[in-house]
Amino acid sequence: MSAIRLGFTLGAVLLLTILAIALLALTGTPAFQGQVRAEVVKHLLQLSVVIVVGGGVAALYKTFEHGRDRAAKARDEAARQAQLRAQAHEDYIKRLGNLYRAIKYSRRKLRTAGIGLSLAENASLTKDQQAAINREMADINSGQLELEGMMLESELLPGFMAVRPLAQHLHAMEDYLRELISEHEVWVPRAGAGRSIQLNELSRLHEFVSPVGAPIQEPRFLTCFTEPYTQSLIALSESIAAATPDPAQAALISKPGRT
């Protein structure tokens with residue numbers, strides 16, 4: 001029974017009680033107007049008080065309980081939405097981590113192909129080195145496209161828009177790979193036409209494969225790829241921690257190695 005219906009019922013009971021008391025007072029016979037009438041009236045008044053007071057307390061409790069249930073449902077829904085966002089962010093971290101490690105793997109394979117030579121040596125790329133570069137650049141190109149898609153997700157999907165620094169960090173990573181790809185697109189047609197390609201023409205590629213800490217002018221792999229990746233993990237993990245009561249579930253960051 002709703003609070004409104006309960007109020008109407010209690011009012012009707014009180015009204016009937018008052019009418020009954022009035023009827024006894026007006027129509028009672030002299031023989032009945034003694035102790036019996038007094039007892040009846042007293043009990044009717046007591047009953048009406050009990051009904052009204054008890055019903056009022058019940059109505060207040062029901063209203064309070066209804067409000068508490070609505071608040072509990074709102075909290076549960078907010079917690080469910082927060083958990084969904086946390087799960088989406090965890091999946092996003094895994095995707096970003098797989099992409100980062102794939103780029104680093106291509107970097108290491110290029111080193112084993114002998115690409116990390118000094119620019120001052122003016123060495124020409126061998127056919128095998130050109131083939132190795134083309135293979136790895138195909139994977140790097142796929143990674144750049146995936147990163148571009150993730151950057152758009154971070155800018156447009158409601159679950160990521162609150163993680164404001166994320167798009168900026170992903171843009172830095174995507175822009176770094178785009179520069180590397182652009183350099184590759186310039187010299188590959190010339191190599192296909194039979195021209196010898198000197199290593200000193202590939203400054204972006206040389207920087208890409210050089211170990212962090214090597215004596216090169218601009219270690220941009222660290223500043224433009226590794227550090228934005230780490231900052232992306234921090235931003236996402238902070239968002240997960242805000243939505244997850246258990247701090248252990250939010251400990252998702254593993255700092256990338258410096259290679």
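For this structure, a couple of remarks:
- Length released on extending from Leu145 to Ala20, taking residue separation times 0.36 nm less the Cα-Cα span: 36.5 nm
- As a ratio to 2.2 N^0.38 Å, the alpha-carbon radius of gyration for the stretch 150-225 is 1.44.
- Straight-distance crosslink candidates among aspartates and glutamates, where the alpha carbon sits under 19 Å from Lys104 and sequence neighbours closer than 8 are dropped: Glu136, Asp139, Glu146, Glu148, Glu174, Asp175, Glu179, Glu183, Glu207, Glu218, Glu227
- Counting only residues at least eight positions apart within a chain, or on another chain, the lysines with an alpha carbon under 27 Å from that of Lys73 are Lys62.
- FRET E, pair Arg190, Ala138, Förster distance 30 Å, beta-carbon r, rounded to 0.05: 0.95
- Here the stretch 46-109 is treated as an ellipsoid with the same Cα gyration tensor; its semi-axes, largest first and in whole Å, are 61, 5, 4.
- Point-to-point label distance, Gln87-Asn200, nm (Cα→Cβ direction, 7 Å offset): 5.8 nm
- For the stretch 105-169, average projected area of the Cα convex hull in nm²: 5.8 nm²
- Kirkwood Rh in Å, taken over the stretch 82-212 so that all alpha-carbon pairs contribute: 16.2 Å
- Potential extension, Thr63-Lys94 segment - 0.36 nm per residue separation minus Cα distance: 6.5 nm
Each value in this text was obtained by applying a stated rule to the coordinates, not by laboratory testing. Please read these numbers as outputs of a predicted model, since none were measured by experiment. Ideal geometry is used to build each Cβ from the backbone, glycine not excepted, and the neighbour counts take in all protein chains shown.
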